[in-house]
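In what follows, a single structure is set out as structure tokens and then discussed.
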Amino acid sequence: MKADFPYARTLVIIESWRGSKEELGEPEFRYYLSSMGIKEKTPEKWMALIRGHWGGVENRNHWRKDACLFEDKTRSHNPNIVGALVLMRNALLLLYLQEQEKYGPLPAFTEAMAANSRLALAAISRRL
């Protein structure tokens with residue numbers, strides 16, 4: 001199989017099934033491109049790499065955006081509104097990472113910023 005990505009050297013295909021052991025259903029395929037050669041990793045190491053990557057993405061970014069910033073509750077279908085909200089959430093997470101020691105958990109930081117607009121403006125101004 002050939003992929004039209006200039007640095008892709010390996011296409012990893014993961015086959016899995018959902019459901020109970022008795023009723024496995026149809027297989028599901030997931031595809032991953034890598035710039036590493038196929039021989040650079042064993043199948044077990046490829047799986048660990050993929051799981052580690054997605055576990056990190058889920059834990060570092062998506063969970064915070066969903067649980068603390070309510071990203072999945074956005075109901076707008078307007079791409080301009082959705083895009084603006086994504087940018088604001090990403091900016092807030094960046095500010096939080098820089099101020100984390102001062103405020104503790106993300107909800108405490110967002111509450112402090114929401115409660116004091118001068119504090120929020122000062123945090124943004126320091127980063128510009």
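The values are calculated or read from the model by the stated rules, or taken from the named source; none is laboratory data. Note that this is a predicted model, so its numbers are computed, not measured. Neighbour counts are summed over all protein chains in view; Cβ atoms, including those assigned to glycine, are modelled from backbone coordinates with ideal geometry.
The table below lists the values:
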| quantity | calculated |
| --- | --- |
| Restricting region 9-41 to residues that are surrounded by 10 or more Cβ atoms within 10 Å (Cβ to Cβ) and of a type in the set (Lys, Arg), the residue that is modelled with the lowest pLDDT | ARG18 |
| Matching residues in region 14-44 - criterion: being over 27 Å from ASP4 (Cβ atoms) and assigned to a loop (DSSP other than H, G, I, E, B) | ARG18, GLY19, SER20, LYS21, GLU22, GLU23, LEU24, GLY25, GLU26, THR42 |
| Sole residue being not in a helix (DSSP H, G or I) and not aromatic (Phe, Trp, Tyr), chosen from HIS62, HIS77 | HIS77 |
| Residue among LYS65, LYS41, LYS45 that alone is farther than 30 Å from MET113 by Cα and in contact with a Leu (Cβ under 8 Å, 6 or more places away or on another chain) | LYS41 |
| Hey, ILE38 β-branched (Val, Ile, Thr) and over 22 Å from the mean Cα position of the chain (by Cα) or not | yes |
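Matching residues to (1) within 30 Å of SER125 (Cβ to Cβ); (2) without any contact (Cβ under 8 Å) to a residue 24 or more places away in the chain; (3) of a type in the set (Gly, Ala, Ser):
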site	(1), (2), (3)
LEU33	no, no, no
LYS41	no, yes, no
LEU49	no, yes, no
GLY83	yes, yes, yes
LEU93	yes, no, no
GLU99	yes, no, no
TYR103	yes, yes, no
